[in-house]
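Chemist: Take this structure first; my questions come after.
The values are calculated or read from the model by the stated rules, or taken from the named source; none is laboratory data. As the structure is a prediction and not an experimental result, all values here were calculated from the model. Cβ placement follows ideal geometry from the backbone for every residue including glycine, while neighbour counts extend to all protein chains displayed.
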Amino acid sequence: MLGNLIICFNAVLPLMIYLLIGFLIRKFNILDGDEVKRVNHMIFIVFFPALMFENLYSSNISESIDMRLELYGVTFLMVMFGLTWAFVHRIVKSDKTRGAMIQAIYRSNFVIMGLPITINIFGKGNAAATAALIMVIVPLYNVLAVITLEYHRGGRTSAGDMIIRILKNPIILGALAAIACMALGIQVPKQVNSVISSMSDTCTVMAMIILGASFSPQGVAAGKKNLIISLVGRLFVFPAVGLTIAALLGFRGQEFIALLAMLAAPPAVSSFTMAQSMDSDGELAGNAVVFATPLSCLTIFLWLFLFKTLGMF
């Protein structure tokens, strides 16, 4: 029991420390709000592709892609999305709030939280199952987000526009570059690979610190009920259901941790940016990210400890 507690604590503690460092950076005005946004954009554009490239290129992709894992991840995501859509439409009247709330519940911060958790548990170079699942889930997150937010502001978007947006996603570009190198037998020079590896390591640290620096809760009272519902759905209800089913289906080890990271992570940081830019309820979307992120360090720890004790990894 104590050994399981230590393993789970070690997996979450670095994330908590990074968030605290980021919070202190913002509190003491080392970076202001605009600078945080610019640094966050740089991390997304420059460092995330390196993170995805390294985790796929350094592994055997044919062994990393588990079609059973991908199928379960996609199936549960679609079920979660459908149930969330129906539930939110029953309890919320405002279309703008509906769009932001649906996105806050179904869309997790899988990349920023998922890979660090897997690496902390299994070690660097052993996150291929999570990286492969990210390749499938993140584009689907983006497609569903565009559909959701466009629908709830009365707009329309073409399939072509959605495909272009997905292919322009830096995370997807990094993954596609790794797949292309492996498929064509391209050997990345040692010096270049060393730079990519260093950037990959830097990405995890910087992303978590900047996430902590984004923490500035305000204006919560008006949407407290919807915020609480979003947090409960994102951090408790769907992880409980999805991970229980995954355990019963026999998922274990890295595959189970990949699903845990997908289902238990807080709302995606980009969900706030999208909600704000697409005339949705940006305040609710931002508050969901702000409050769920530090809370998720506790809930992820509890999920890890529970399922480690049950022998799932």
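Chemist: Please count how many residues of region 44-58 are surrounded by 21 or more Cβ atoms within 10 Å (Cβ to Cβ), under 13 Å from residue 207 (Cβ atoms) and more than 16 Å from the chain's Cα centre (by Cα).
Modeler: 1
Chemist: What are the pairs, 6+ residues apart or on separate chains, where a residue within region 28-54 that is over 17 Å from residue 274 (Cα atoms) has its Cβ under 8 Å from a residue that is loosely packed, with under 15 Cβ neighbours inside 10 Å and not hydrophobic (A, V, I, L, M, F, W, C)?
Modeler: Taking only residues 6 or more apart or on different chains, the pairs are 33/216.
Chemist: Counting only residues that are modelled with pLDDT under 95, over 23 Å from residue 296 (Cβ atoms) and in a helix (DSSP H, G or I), how many does region 82-111 have?
Modeler: 2
Chemist: Can you name the residue in region 181-191 that is loosely packed, with under 11 Cβ neighbours inside 10 Å and part of a helix (DSSP H, G or I) and, of all such residues, is nearest to the chain's Cα centre (by Cα)?
Modeler: 183
Chemist: Which of the residues that make up region 195-206 are of a type in the set (Ser, Thr, Tyr) and under 13 Å from residue 53 (Cβ atoms)?
Modeler: Passing the criteria: 197, 198, 200.
Chemist: For the subset of region 24-39 comprising residues that are assigned to a helix (DSSP H, G or I) and of a type in the set (Val, Ile, Thr), which member is modelled with the highest pLDDT?
Modeler: For region 24-39, the residue satisfying everything is 25.
Chemist: Residue under question is residue 241, and the condition is that it be free of Cβ contacts under 8 Å to residues at least 24 places away in the same chain, within 26 Å of residue 313 (Cα to Cα) and assigned to a helix (DSSP H, G or I); does it hold?
Modeler: When the stated conditions are applied, residue 241 passes them.
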